[in-house]
Amino acid sequence: MAHTIVNPDGLHDPGPFGYSHTANVPAGTELVFVSGQYGSGPDGMVVSKDFNEQVKQAFSNLATALAAHGLDLTDVVQLRTYVVEPDFDKLGAIGQAVASGGAEKPPTQTVIGVAGLAMPDILFEVEAVATRS
């Protein structure tokens, strides 16, 4: 892993919520940027109108994009997630998806509530920055 995740004393434990507070990326580390992935199949169409299914598919798509660079979810240092009409249940689904990625500590993450995304059926989107030594 080309980065270090730190959750400083004095801040709440963010792990159960699927993120960490800080990450350090050393100089000379290669960065890989992954654009927003949503719950689409290979045809670009949304696979389900169910939020949880969209989250699972979006993270599967993210894993596919990372694999194209020889990386996986443990190499992700930062996520930005976009959620139409966020609530605690949706945040829990995102936390579970992040936890299923296998990292000992989850990456940093910002969850952004939005009124809508690129197409009306899209309820969730995730973008990532990953590192490689």
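None of the figures in this text is laboratory data; all of them are computed from the coordinates on show. The structure presented is a predicted model; accordingly, all values stated were derived computationally and were not measured. All Cβ positions, glycine included, derive from the backbone under ideal geometry; neighbour counts span all protein chains shown.
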> Can you list residues whose amide H is under 5 Å from residue 125's amide H, if they're 5+ apart or on another chain and H is modeled 1.01 Å from N?
Replying inline: 82
> Where the centroid of each part is defined by its Cα atoms, how far is segment 6-38 from segment 89-123 in Å?
Replying inline: 14
> Based on DSSP H runs of at least 4 residues, each adding -39500 (n - 2.57), what is the mean residue ellipticity at 222 nm of the chain after dividing by all its residues, to the nearest 500 deg cm²/dmol?
Replying inline: -7000 deg cm²/dmol
> What list of ³J(HN,Hα) couplings, whole Hz, do you get for segment 50-65 from phi and the Karplus terms 6.51, -1.76, 1.60, once you set θ to phi - 60° and write x for glycine and proline?
Replying inline: 7, 4, 4, 5, 5, 4, 4, 5, 4, 6, 5, 5, 4, 4, 5, 4
> When DSSP beta bridges are limited to those with both residues in the chain, what percentage is antiparallel, rounded to the nearest 5?
Replying inline: 70
>> Can you order the peptides 43-52, 90-99, 26-35 by their average number of other Cβ atoms within 10 Å per residue, highest first?
In response: 90-99, 43-52, 26-35
